[in-house]
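This report refers to the structure that appears directly beneath it.
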Amino acid sequence: MDTQSLVAAIEAEIEKEGRFPEEKIFLKLLKEVWQVDWTVAPYDVWTHMIEWDIPYFLRFMGVDQGDEEAEEQLIQDWIASRTQLRATTTGQDWRQRIVTLINDVNHLRLSVRQDV
């Protein structure tokens, strides 16, 4: 897997207009994980995110070198978003958006892998 292409594809997803804040945080956390291990399922990353499993992500960030300041900012943004995430993860709308996003990034990973 060309992880640089995968990271670039995830960054493009993060920058798409109309992304909800929880989607951006999810994609950024997914990027951090996939920089180390692209085989981790997006659903697993989402689950760790909504369970506030900060040590899980810190383990991945500890392996990756070079962007510690951005990683620290991501953790701070994620923590700051906690109240907002709770408010937006009620009802059915968010579930469909997240399921769609998880499917989209699964397909994205597959397409980058096939391009190699």
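Looking at region 84-105, can you tell me whether even one residue there is aromatic (Phe, Trp, Tyr), under 12 Å from the mean Cα position of the chain (by Cα) and on the phi < 0 side of the Ramachandran plot?
Taking every residue of region 84-105 in turn, none turns out to be aromatic (Phe, Trp, Tyr), under 12 Å from the mean Cα position of the chain (by Cα) and on the phi < 0 side of the Ramachandran plot.
Under 7 Å between Cβ atoms, at least 6 apart or on separate chains: pull out the pairs that start in region 23-41 with a residue that is in contact (Cβ under 8 Å) with a residue 60 or more places away in the chain and in a helix (DSSP H, G or I) and end on any residue that is among the acidic types (Asp, Glu) and surrounded by 17 or more Cβ atoms within 10 Å (Cβ to Cβ).
Between residues of region 23-41 that are in contact (Cβ under 8 Å) with a residue 60 or more places away in the chain and in a helix (DSSP H, G or I) and residues that are among the acidic types (Asp, Glu) and surrounded by 17 or more Cβ atoms within 10 Å (Cβ to Cβ), the close pairs are 27/13.
Can you tell me which residues in region 1-13 are at pLDDT 90 or above, of a type in the set (Asp, Glu) and surrounded by fewer than 16 Cβ atoms within 10 Å (Cβ to Cβ)?
Of everything in region 1-13, just one residue is at pLDDT 90 or above, of a type in the set (Asp, Glu) and surrounded by fewer than 16 Cβ atoms within 10 Å (Cβ to Cβ), namely 11.
Keeping to region 45-86, report how many residues are in a helix (DSSP H, G or I) and among the charged types (D, E, K, R).
Residues flagged as in a helix (DSSP H, G or I) and among the charged types (D, E, K, R) within region 45-86 amount to 8.
Anything in region 14-34 that is under 11 Å from the mean Cα position of the chain (by Cα) and open to solvent by 30 Å² or more (accessible area, probe 1.4 Å)? List them, or say none.
Passing the criteria: 24, 28, 31.
Checking the condition farther than 23 Å from residue 3 by Cα, among the aliphatic types (A, V, I, L, M) and either modelled with pLDDT of 90 or more or open to solvent by 30 Å² or more (accessible area, probe 1.4 Å) (or both), which residue from 99, 63 passes?
Result: 99 is the single residue among 99, 63 that is farther than 23 Å from residue 3 by Cα, among the aliphatic types (A, V, I, L, M) and either modelled with pLDDT of 90 or more or open to solvent by 30 Å² or more (accessible area, probe 1.4 Å) (or both).
Please specify each residue of region 39-60 satisfying the condition of being aromatic (Phe, Trp, Tyr) and open to solvent by less than 30 Å² (accessible area, probe 1.4 Å).
46, 56, 57
When region 66-80 is examined, which residues are found to be open to solvent by less than 90 Å² (accessible area, probe 1.4 Å) and not charged (D, E, K, R)?
66, 70, 74, 75, 76, 78, 79, 80
The values are calculated or read from the model by the stated rules, or taken from the named source; none is laboratory data. Here the structure is a predicted model, which is why all the values come from computation and not from measurement. Cβ atoms come from the backbone with ideal geometry, glycine included; neighbour counts cover every protein chain shown. Side chains are part of the model used for accessible areas, which takes the heavy atoms of the whole protein and leaves out ligands, DNA and RNA. Shrake-Rupley method; radii C 1.70, N 1.55, O 1.52, S 1.80 Å.
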